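Input: a single structure, listed below in structure tokens.
The values are calculated or read from the model by the stated rules, or taken from the named source; none is laboratory data. In this text, all values refer to a predicted model and were calculated from it rather than measured experimentally. Here the Cβ positions follow ideal geometry from the backbone for every residue, glycine too, while neighbour counts run over all protein chains shown.
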Amino acid sequence: MVGADDLAALILLPILSIGLAIEARRALAPATLVIACLWLAILVHGVVMGVVASLQFLGQVDLPTEMWQYVKRIAFFYAAFALASRSTQTIAPAFKAITAVLLVAALIGILQIGSGGLSETLSSVYMRSDAQLERLVDRALETRRTYGVAGHPVAWGGFCMFMAAMALPFVLVRRRYRREPGPGWRAAFSVLLALATLNLLFSVSRVALVAFLFVLVLKGGLELFVRQGGLSAFIKWLAWVGGTLAVALYFALDRLALLAFRFMALADQAGGGRVDQVASGLSLIDSGATLLTGVGNAVQRLQGVSHGVEVEPVYLLVNYGLVGTLCRYGLLLSVAAIAIRATRSSDEWSSAAGMAALLALGGYAVFSLGYFFFQELYVGMVPWLLFGMVTGLHQLGWSEKCPVRSSPSADYAELAGRA
């Protein structure tokens, strides 16, 4: 089935290709080049080794169709990069646009919580399978697990964590950042955070809750040590976290009880089905060559776990080996290094984009221990808009500090000036 993200990528790819041809002589920051090389390595390695591995292990060529997900991520990443690398004035409207989309998604998730025609209609639109719809609609409110626009409760919980990461940079910030975004948008970010928290509780995803709590802790650390908000910022953050937990205990006690039950069940099962998935996946790595390059997605799904190992570091290792796994996490670390610098910016929106990217990267690093991030089908594109935006900001700052010749006419003009 072709989705809106597929169509958007098909439109963006030729536009970006034309833009690349026009800007071929534009000087790029070292970090920008590293990220571009990592994207290229991920694509080439994934396609070539997917074909070779399927031929070797299955005796037939099975195209690595999952690599289309990476092509889409590249399209979204570089669309945001192209926008942000032009001017810091583009950051505010882009950040607001993403927030507005997230608010709509959060409202759709809230409307699924109740019962009735509207809830069932929305649920049927975003379901991944009939079984998902039945488990949502036919359950009592006390045990219901919503899936929002993601079609899966765990994926939805992870996306709610990302919503919180987008909202948190404008919650309890230093006074010098209070000129923007204005009281209306500050309220919108607060509402988004509240809706994201409520949606996460109704997704009843254990790994998403742990990732969300990690994001809250990381937010406090960034305010204290990176933005240098001091003791007052830490006390405000601590009071806010305490208040949030108190409200959650009062209004969503049944959700927390269900989550506690699921955590106890996980402990009783000694890790649950994911332990078996990990064992099944790792059993396919039987040589140094497969450890280095992986066995490919087709082989893993046919001979291992049909839907993929939900512990994503293991999934990536089995699929793409050490080479592919290191490229993917190297990409995330490169974006994180850039985001730290953006977080220190005196520009409110640049700082917010950097912090949101760091929170999202940290949250997804935890979340991927229990579900997919790189391979998420339905709500996996939006975070890459943010990561591309932050990378574009870095390129813009580097270009302003390191102006270079960008065209033959500029070369001629400089020579004429020397003459």
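Miscellaneous remarks
- Residue selected from the stretch 26-51 under the condition surrounded by fewer than 14 Cβ atoms within 10 Å (Cβ to Cβ) and of a type in the set (Val, Ile, Thr), by the criterion nearest to residue 86 (Cα to Cα): 44
- Test result for residue 339, in contact (Cβ under 8 Å) with a residue 12 or more places away in the chain, assigned to a helix (DSSP H, G or I) and of a type outside the set (Ser, Thr, Tyr): yes
- Test: residue 61 is in contact with a helix residue (DSSP H, G or I) (Cβ under 7 Å, 6 or more places away or on another chain) and not in a helix (DSSP H, G or I): yes
- Among the residues of the stretch 199-215, those identified as hydrophobic (A, V, I, L, M, F, W, C) and surrounded by fewer than 20 Cβ atoms within 10 Å (Cβ to Cβ) are 210, 213, 214.
- Residue check, residue 97 aliphatic (A, V, I, L, M) and touching a residue at least 40 places away in the same chain (Cβ under 8 Å): no
- Here residue 150 fulfils each of the conditions (1) modelled with pLDDT of 90 or more; (2) within 16 Å of residue 376 (Cβ to Cβ); (3) part of a helix (DSSP H, G or I) apart from (3).
- Residue that is modelled with the highest pLDDT [pool: residues in the stretch 220-230 that are in contact with a Leu (Cβ under 9 Å, 6 or more places away or on another chain) and farther than 15 Å from residue 342 by Cα]: 220
- The set of residues in the stretch 298-336 being among the charged types (D, E, K, R) and part of a helix (DSSP H, G or I) consists of 301, 312, 328.
- The stretch 318-328: number of residues that are more than 19 Å from the chain's Cα centre (by Cα) and either surrounded by fewer than 21 Cβ atoms within 10 Å (Cβ to Cβ) or among the acidic types (Asp, Glu) (or both): 2
- Note on the stretch 361-402: residues that are among the aliphatic types (A, V, I, L, M), surrounded by fewer than 24 Cβ atoms within 10 Å (Cβ to Cβ) and within 27 Å of residue 4 (Cα to Cα) amount to 7.
- Scanning the stretch 377-419 for residues that are assigned to a helix (DSSP H, G or I) and either over 32 Å from the mean Cα position of the chain (by Cα) or at pLDDT below 85 (or both) yields 408, 409, 410, 411, 412, 413, 414, 415, 416, 417, 418.
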